[in-house]
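Quick notes on the structure that follows.
The values are calculated or read from the model by the stated rules, or taken from the named source; none is laboratory data. Since this is a predicted model, take the numbers as computed values, not measurements. Don't worry about glycine lacking a Cβ; one is built from the backbone with ideal geometry, like all the others, and counts go over all protein chains shown.
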Amino acid sequence: MLTDTENDSTNPEFNHILSERLSRRSMLKGSFGAAAALYFGGSSLLLSATGETRAATSKLKLNFAAVNKTLNDKVTLAQGYSYRIISSTGDPLAEGIPAYSNNGSERAESFNKRVGDHHDGMHFFGLGKNGLWSPLASDRGLLCVNHESVTAGFLHPTGATIVDEKRPNDNEVLKEMLAIGMSIAEVKKVGPSYTLVQNSRFNRRVTSMTDIEITGPAARSPLMITKYSVTGTRTRGTIGNCANGHTPWGTYLTCEENWAYFFRRPASDDSKRSARENASLKRYGVKGNSLSLWATVQPDTADNRFGRWDASINGTSGDGSDDYRNAPNTFGWVVEIDPFNPDSAPKKRTALGRFAHEGAWPGLVIAGQPLVWYMGCDSRHEYIYKYVSNAVWDPADAKRGAAAGDKYLNDGTLYVARFNADGSGDWLELTHGRNGLDRDNSYYSFSDQADVLINARLAADARGATKMDRPEWGAVNPNNGEVYMTLTYNPSRALDKVDAANPRFYNDPKKGVAQKGNANGHIIRWAEHDAKGSATKFQWDVFLFAARSNADPVNINLSGLTADNDFSSPDGLWFARSGLLWVETDDHAFTDASNCMLLAAIPGKVGDGSTKTIVNSDNGQQSTVNTHVGATPGDDRLRRFLVGPVDCEITGITETPDGRALFVNIQHPGETTTGKNFNIADPSTYLSHWPQGGTARPRSSTIVITRDDGGPIGAELA
Ligand code: FEO
Ligand code: CA
Ligand code: CA
Ligand code: CA
């Protein structure tokens with residue numbers, strides 16, 4: 001699904017204001033010694049107080065030869081590595097459920113016990129013999145996988161039925177609703193690889209029909225009242241489940257990204273709304289012309305499973321307790337799920353703010369310090385956020401499961417990032433009553449903290465956050481706490497609106513067709529002041545600029561990419577425990593040269609490169625900007641490891657705690673098949689048949705990668 005909504009707010013972008021450059025400090029000073037136990041974000045490994053198991057990334061070496069770019073309809077892996085499929089769309093998750101037909105014939109309800117579609121963010125939780133979380137267990141685990149969306153053309157017998165701009169087939173729409181969300185499946189080691197345990201008691205689906213609790217400061221807000229929950233404390237379902245996160249108490253975070261697309265709201269509804277309501281709905285893309293079709297199924301059910309996607313004012317109440325006018329406010333959150341307790345209700349954690357959540361990535365977990373999660377809002381010109389808990393981490397809470405979530409995820413401070421031209425950065429607090437975020441704010445009148453969190457984008461606008469080139473995944477370096485985040489691409493970045501952190505405007509023509517703006521994206525990174533996740537200042541640079549290897553080396557290919565490591569549109573990003581950084585792509589610009597891919601990178605650190613001046617050009621016009629670029633990686637520190645099948649996205653990645661098995665998701669191969677030449681009856685019109693081959697419909701899948709000699713994946717200590 002495209003994620004090309006636009007932040008057209010009047011946020012003044014304060015990047016021209018130079019702030020004092022921070023003095024560089026030893027980022028690790030004092031950070032590791034005191035804690036009784038360290039829990040590294042981005043991994044599930046408990047480390048000793050001295051941190052002696054930390055690998056020095058300077059000694060890390062890539063252990064494979066680069067894979068060539070390819071357009072083949074298969075998974076191409078580095079030599080010496082193999083993969084097998086863990087699960088694909090529709091695979092059974094319970095005993096007695098028949099194998100998936102892959103012809104669309106299943107009834108919708110069967111997806112309550114089948115793997116969903118469009119696999120995305122993912123995490124492996126080690127499973128102990130006692131059925132509890134075992135952070136170091138590798139032979140058996142619970143794999144939590146997001147299912148972001150569906151390719152409806154392949155999910156039904158003859159594609160999606162649409163008549164007069166309506167969906168007449170309730171079974172089709174319900175199947176789509178049940179194929180989105182996330183799945184939990186037990187996996188176990190069998191021989192050299194892993195397999196799904198079909199009859200595990202832990203297997204579970206969470207879908208857009210699941211009852212979910214609303215927690216945190218926005219629970220019980222008048223803005224959360226719906227016919228489903230007149231107290232504003234519950235909602236039905238989670239959707240747009242893109243990337244993910246996890247907690248140091250062994251729970252999974254699934255993040256709601258493109259939820260706004262699912263709501264219907266005719267233009268006539270605007271006139272029934274207050275100016276504030278319209279400002280909020282517009283800023284979140286539930287504009288008064290959103291004509292999503294799920295709500296058009298007639299007749300609706302008694303529980304309004306279809307009608308609830310109509311977000312217009314249909315009732316007569318003053319507070320929305322008799323319709324779903326406020327339903328959009330109950331989506332756009334980080335949702336916590338306890339995979340070890342299949343009967344537990346998921347919880348939406350409103351303290352982390354509402355936007356197009358890509359994911360929520362934990363910072364280093366250090367006893368006695370607050371917990372931190374980094375987050376991106378993925379649309380053009382949107383922002384980077386972080387959440388800092390008020391409670392400080394008590395390692396005893398690691399065994400409390402979801403109960404610990406109420407302590408750390410309901411009570412904290414939300415910040416949004418401003419990247420200054422001089423390489424410094426500021427975290428701008430989003431708290432009601434501070435810095436003008438109150439009823440008197442001229443940009444939007446914020447009534448309370450619930451209003452600030454529900455309208456976090458508006459609060460971030462009002463504070464002058466930096467508009468980024470579409471924030472996707474973040475990842476925290478387990479060795480030094482530095483944070484990396486992909487900015488996937490931004491065709492709306494204008495020649496005269498570049499800034500130091502989003503500095504490129506260029507043309508990357510594809511088959512002779514112009515692709516302007518920041519067509520290939522980049523990866524930004526930052527070091528928190530004093531290496532503290534709770535800091536309000538940071539220092540940043542650009543780790544990698546994506547580009548074709550033959551692009552202008554001065555203004556476009558600033559990272560010196562070569563044929564062995566050139567890429568476009570970085571999206572998934574993830575640190576292995578070894579300190580190796582994996583980069584996944586969701587590309588459109590470079591797909592004349594290669595399908596989407598997975599690359600392995602050995603990170604440096606913020607400030608290891610230099611300041612460079614970029615001259616951007618278009619039709620005789622120019623703009624010049626200084627930016628801060630990390631050290632050129634060269635083939636030794638950045639290499640292509642995998643290329644996926646045709647028209648897929650590579651997204652979602654996790655490993656077993658022993659680092660011997662890497663799980664990767666192949667999302668929607670052949671996705672754009674369902675364009676103008678598509679004929680479901682003619683398999684020759686499908687762009688991909690992966691993974692089954694022949695004339696089969698393509699299916700999203702999780703694969704597991706192992707090294708043929710059983711060794712560590714991607715890199716090892718030299
Ligand atoms: Fe679902 Fe922003 O990727
Ligand atoms: Ca996708
Ligand atoms: Ca993504
Ligand atoms: Ca993407």
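Could you tell me which residue of segment 327-384 is farthest from ligand 3 (Cβ to nearest atom), considering only residues that are aromatic (F, W, Y) and assigned to a loop (DSSP other than H, G, I, E, B)?
In the first step, residues of segment 327-384 are kept if they are aromatic (F, W, Y); the result is 331, 333, 340, 355, 361, 373-374, 383.
Add one more test, that the residue is assigned to a loop (DSSP other than H, G, I, E, B), and what stays is 331, 333, 340, 355, 383.
On the way: F331: 17, W333: 17, F340: 26, F355: 14, Y383: 16 Å.
Ranking the candidates gives F340 first.
Touching a Pro at 6+ places or on another chain (Cβ under 9 Å) and more than 16 Å from ligand 2 (Cβ to nearest atom): which single residue out of T301, T350 fits that description?
On the way: T301 fails: touching a Pro at 6+ places or on another chain (Cβ under 9 Å).
T350 is the lone residue from the list that is touching a Pro at 6+ places or on another chain (Cβ under 9 Å) and more than 16 Å from ligand 2 (Cβ to nearest atom).
Among the candidates T672, T624, T706, T685, single out the residue that is among the hydroxyl-bearing types (S, T, Y) and in contact (Cβ under 8 Å) with a residue 60 or more places away in the chain. Please lay out each step first, then the result.
Numbers: T672 fails: in contact (Cβ under 8 Å) with a residue 60 or more places away in the chain; T624 fails: in contact (Cβ under 8 Å) with a residue 60 or more places away in the chain; T685 fails: in contact (Cβ under 8 Å) with a residue 60 or more places away in the chain.
Exactly one residue qualifies, and that residue is T706.
Any chance you could count how many residues in segment 560-592 are charged (D, E, K, R), in contact with an Asp or Glu (Cβ under 6 Å, 6 or more places away or on another chain) and more than 11 Å from I653 (Cα to Cα)? Write out each step before concluding.
Taking segment 560-592 as the starting set, the residues that turn out to be charged (D, E, K, R) are 564, 566, 571, 577, 584, 586-587, 592.
Imposing the further condition that a residue be in contact with an Asp or Glu (Cβ under 6 Å, 6 or more places away or on another chain) reduces the set to 564, 571, 584, 586.
Next, from what is left, pick out any that are more than 11 Å from I653 (Cα to Cα): 564, 571, 586.
Of the residues in segment 560-592, 3 are charged (D, E, K, R), in contact with an Asp or Glu (Cβ under 6 Å, 6 or more places away or on another chain) and more than 11 Å from I653 (Cα to Cα).
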From V150, V145, residue being part of a loop (DSSP other than H, G, I, E, B) and within 25 Å of the chain's Cα centre (by Cα): V150
Looking only at segment 490-532, and only at residues there that are in a strand (DSSP E or B) and of a type in the set (F, W, Y), the one that is surrounded by the most Cβ atoms within 10 Å (Cβ to Cβ): W526
Count of segment 265-292 residues which are over 28 Å from A152 (Cα atoms) and assigned to a helix (DSSP H, G or I): 11
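Go through segment 385-402 and give me each residue that's assigned to a loop (DSSP other than H, G, I, E, B) and of a type outside the set (A, V, I, L, M). Break it down stepwise before answering.
Restricting attention to segment 385-402, the residues satisfying the condition of being assigned to a loop (DSSP other than H, G, I, E, B) are 393-394, 400-402.
Scanning segment 385-402 gives W393, D394, R400, G401.
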Members of segment 383-423 that are among the aliphatic types (A, V, I, L, M) and farther than 16 Å from L453 by Cα: A391, V392, A396, A398, A402, A403, A404, A421
Near pairs, Cβ below 7 angstrom, 6+ apart or cross-chain, from segment 119-132 (more than 17 Å from G401 (Cβ to Cβ)) to any residue that is within 16 Å of ligand 3 (Cβ to nearest atom) and aliphatic (A, V, I, L, M): H119/V145; D120/A243; G121/A243; M122/V145; M122/I653
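Listed residues E186, E172, E213; which is at pLDDT 95 or above and either of a type in the set (F, W, Y) or not in a strand (DSSP E or B) (or both)? Break it down into steps so the answer makes sense when it comes.
Working: E186 fails: either of a type in the set (F, W, Y) or not in a strand (DSSP E or B) (or both); E213 fails: either of a type in the set (F, W, Y) or not in a strand (DSSP E or B) (or both).
Only one candidate qualifies: E172.
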Strands (runs of 3 or more DSSP E) completely within segment 536-589 that count 2 or more residues being within 15 Å of ligand 3 (Cβ to nearest atom), at pLDDT 95 or above and surrounded by fewer than 22 Cβ atoms within 10 Å (Cβ to Cβ): none
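Please go through segment 237-264 and give me each residue that is assigned to a helix (DSSP H, G or I) and not hydroxyl-bearing (S, T, Y), ordered by number.
Our first condition is that a residue be assigned to a helix (DSSP H, G or I); within segment 237-264, this holds for 259-262.
Of everything in segment 237-264, those that are assigned to a helix (DSSP H, G or I) and not hydroxyl-bearing (S, T, Y) turn out to be W259, A260, F262.
Would you mind finding the one in T231, T210 that is within 24 Å of the chain's Cα centre (by Cα), surrounded by fewer than 21 Cβ atoms within 10 Å (Cβ to Cβ), more than 16 Å from ligand 3 (Cβ to nearest atom) and not small (G, A, S)? Before you say what the answer is, go through the steps one by one.
On the way: T231 fails: within 24 Å of the chain's Cα centre (by Cα).
None of the other options fit; the residue is T210.
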Any hit, segment 444-458, residues being in contact with a helix residue (DSSP H, G or I) (Cβ under 7 Å, 6 or more places away or on another chain) and farther than 26 Å from L223 by Cα: no
